[in-house]
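Just below is one structure, and these are the notes that go with it.
The values are calculated or read from the model by the stated rules, or taken from the named source; none is laboratory data. If you're wondering where the values come from, they're calculated on a predicted model, not measured in any experiment. Every residue, glycine as well, gets a Cβ built from its backbone with ideal geometry; the counts of neighbours run over all protein chains shown.
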Amino acid sequence: MKKTDTTISDLVGMIARGELMLPEMQRRYVWRAPRVRDLLDSLYRGYPSGSILVWETDTPAPTRDAAVSQARPSWAGHKLLLDGQQRLTSLSAVLRGEPVTVRGRKRPIEILFNLDHPDGPPAELVDHDADVESPIDDDPDDELEEDDKTLTDRLNDRTFVVANAALKAMPNWISVSEVMGGKKSPWDMVKGRVSSPDDPRVSRYMDRLARLQRIRDYPYVVQILERDLSYEEVADIFVRVNSLGMKLRGSDLALAQITAKWRDSLKLFEAFQEECEESWFTLDLGLLVRGLVIFATHQSRFKTVGGLSTAVLQEGWEQAKEGLRFAINFLRTNADIEDESLLSSPFFYFPIAAYAVRHNGVISEEATRALLHWLLVANARGYYSSSAESTLDADLAVVFKGGEPKDLTQAVLQKFGRLTVEAADFEKRGIRNPLFSTAFLAMKAKGALDWESGLGLSLTHQGRMHYIEHHHIFPRSVLQKAGYDRAEINEIANLAFITGRSNRRISNKRPADYLAEVASNRSWAALEAHCVPSDPGLHAVEAFPAFLAERRRRLADLVNAHFQRALAGTRG
């Protein structure tokens, strides 16, 4: 195996020209912006950053699109990237100033460089700026939280950060892509940030920009596999390398084995992904591979993939598509779950899919109600949040051996001891708890409306101001000044679901000031549909603990009623 040192600039150029492609066995691009930030910090400091593994071949091999734009490749001197995709894709996006494609959508990766960063070792990196996904958008209070008052000071101790509008407006922060783009000289980038050419910061800034630009010259050790290897041998090497390094999920390694054996299967998986996206459901390739394995082997683990024939894989895929289509339709129309963000685990697709396939899509009324009841109860309790694969395999065994949805519900009962929720379950539970989505679904089913426009609750509203957001009934800034605990402030019992327009108009008004106004414009019933008590005695800041206690009780009653309506086959 040959080795050569190649600069980042050369590797990025090879990707842009289509000389370095991704084999079909590669997983998609998955890095979040904080990972890119940390990579740049390591390169800036000259720290080791691993090696790159490629395979040179003169024989056409199945490839997949990279997450960054590439020229149309020529097969002459073709190289396939086996290890280093996440790093080189990230660097291509930053150095070329281009967005990456993630799940069919383009998004930029913008990292800022601190011209005034401290000398010495890096500050501790904390992913405060990583994406925290929530099914309902957050509400932006006008005032910063107490802990956020020192955020700028903490960030100024760092060398690189993920960009935001506030930092971009500060003179000491500059876009890494702008520096790497080469359209401006270092002086052009510095002169607007200093008072004059004699400013003592000029020399320091110029030196740091030159050091940042030298990242392009950082040498990676590129290991090159021989041309005479077959695609199947290369796939085996890919699996072994990534298994030893624990860099890929089991589903990624299984995908590599499947695509090596079943050529062009990736295109089929990606086409089905796009089909699901049309119904607002995003299923990553790992989930689809797991679905294939489930229907091929009647269990969810990937260890047997290497021994499955192409015919078995193809049959498993056809059944997986049939079952997943049913599951998505069931979630949308029966459970009113509009996309996967309302599920506490994507594993819920599989028992539903398996039950549908096993019964050839012919399901009794009783089974339909019981399946919905199981889904809602299990989802609310985060049923697959621990020992997920073992729990899923136990459920699949029930279904494939002829069990019914009520048997799945019995397993939930055995795990948690009850099928209902209690007021205490909401105590100090926030948006990451499955009860958050469950409360949204229960309010939506009960007909709760936006407090201003009268729009029903939905995740698919058109227009940013009509998106449903979670609104702090008692504003965070008000409660912080009163000395309340963060967990209480962000508790589900202090959150309501209203549109962005309503949320911004309320802003950080106290409930004693705005709830009566909402009631006069609509009615107290409009508030009580959100489980907000009408008693004005509970709307004062000093009554916040009593308000939480009452709303927890109401939320528990609402959710339990939602469960019972599902079992009874009634709506609203």
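Things to note:
- Within segment 549-572, restricting attention to residues that are among the charged types (D, E, K, R) and part of a helix (DSSP H, G or I), the residue that is nearest to VAL377 (Cα to Cα) is ARG565.
- Some residue of segment 329-342 being farther than 24 Å from ARG263 by Cβ, of a type in the set (Gly, Ala, Ser) and touching a Phe, Trp or Tyr at 6+ places or on another chain (Cβ under 8 Å): no
- Test: residue in segment 342-355 that is more than 23 Å from PHE416 (Cα to Cα) and of a type in the set (Gly, Ala, Ser): yes
- Whichever residue in segment 17-34 is part of a helix (DSSP H, G or I) and under 27 Å from the mean Cα position of the chain (by Cα) and, among such residues, is surrounded by the fewest Cβ atoms within 10 Å (Cβ to Cβ): PRO34
- Failed item in (1) surrounded by fewer than 18 Cβ atoms within 10 Å (Cβ to Cβ); (2) touching a Lys or Arg at 6+ places or on another chain (Cβ under 9 Å); (3) without any contact (Cβ under 8 Å) to a residue 60 or more places away in the chain; (4) not polar (S, T, N, Q), with GLY454 passing the rest: (3)
- Residue within segment 368-386 that is loosely packed, with under 15 Cβ neighbours inside 10 Å and within 29 Å of the chain's Cα centre (by Cα) present: yes
- Put simply, of VAL221, VAL234 the only residue that is on the phi < 0 side of the Ramachandran plot, in contact with a helix residue (DSSP H, G or I) (Cβ under 9 Å, 6 or more places away or on another chain) and either of a type in the set (Phe, Trp, Tyr) or not in a loop (DSSP other than H, G, I, E, B) (or both) is VAL234.
Listed here are the residues, each with its yes/no results for (1) among the hydrophobic types (A, V, I, L, M, F, W, C); (2) more than 25 Å from GLU542 (Cβ to Cβ); (3) in a loop (DSSP other than H, G, I, E, B).
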residue: THR420; (1), (2), (3): no, yes, yes
residue: ALA424; (1), (2), (3): yes, no, no
residue: ARG432; (1), (2), (3): no, yes, yes
residue: PHE440; (1), (2), (3): yes, yes, no
residue: LYS444; (1), (2), (3): no, yes, no
residue: GLN462; (1), (2), (3): no, yes, yes
residue: MET465; (1), (2), (3): yes, yes, no
residue: PHE474; (1), (2), (3): yes, no, yes
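- When the helices (runs of 4 or more DSSP H) confined to segment 365-418 are screened for residues that are out of contact with any helix residue (DSSP H, G or I) (no Cβ under 8 Å at 6 or more places or on another chain) and under 26 Å from MET443 (Cα atoms), those reaching at least 1 such residues are found at 365-380, 405-416.
- Within segment 519-542, being within 22 Å of PHE436 (Cβ to Cβ) and hydrophobic (A, V, I, L, M, F, W, C) holds for ALA526, LEU527, ALA529, CYS531, VAL532, LEU538.
- Meets criteria (under 30 Å from ALA367 (Cβ atoms) and of a type outside the set (Asp, Glu)) for ALA540: no
- Among the criteria (1) within 25 Å of ALA380 (Cβ to Cβ); (2) of a type in the set (Phe, Trp, Tyr); (3) crowded, with 18+ Cβ neighbours inside 10 Å, the one TYR467 does not fulfil is (3).
- Within segment 174-203, tally of residues that are touching an Asp or Glu at 6+ places or on another chain (Cβ under 9 Å) and not in a helix (DSSP H, G or I): 2
- If the condition is being farther than 23 Å from ASP10 by Cβ and exposed (fewer than 15 other Cβ atoms within 10 Å of the Cβ), then segment 205-228 contributes ASP207, ASP228.
- Every residue from segment 200-250 that is within 34 Å of the chain's Cα centre (by Cα), at pLDDT 85 or above and either among the hydroxyl-bearing types (Ser, Thr, Tyr) or outside the structural domain of ALA61 (by TED's automatic domain parsing) (or both): TYR218, TYR220
- Test: residue in segment 350-361 that is part of a loop (DSSP other than H, G, I, E, B) and touching a Lys or Arg at 6+ places or on another chain (Cβ under 9 Å): no
- Answer residue from segment 35-84, given it is closer than 16 Å to THR6 by Cβ and either hydroxyl-bearing (Ser, Thr, Tyr) or surrounded by fewer than 16 Cβ atoms within 10 Å (Cβ to Cβ) (or both) and is farthest from the chain's Cα centre (by Cα) among those: GLY77
- Test result for GLY447, without any contact (Cβ under 8 Å) to a residue 60 or more places away in the chain and either surrounded by fewer than 20 Cβ atoms within 10 Å (Cβ to Cβ) or not aromatic (Phe, Trp, Tyr) (or both): no
- Cβ separations smaller than 9 Å between residues 6+ apart or across chains give the following pairs from segment 488-513 residues that are within 15 Å of LEU435 (Cβ to Cβ) to residues that are of a type in the set (S, T, N, Q) and surrounded by fewer than 21 Cβ atoms within 10 Å (Cβ to Cβ): ILE492/ASN433.
- The condition of being of a type in the set (Lys, Arg), surrounded by fewer than 17 Cβ atoms within 10 Å (Cβ to Cβ) and assigned to a helix (DSSP H, G or I) holds for only one of ARG332, ARG325, that being ARG332.
- Matching residues in segment 472-492 - criterion: being over 12 Å from ARG429 (Cα atoms), surrounded by 17 or more Cβ atoms within 10 Å (Cβ to Cβ) and of a type in the set (A, V, I, L, M): ILE473, VAL478, LEU479
- Residue within segment 476-497 that is at pLDDT 95 or above and farther than 21 Å from ALA543 by Cβ present: yes
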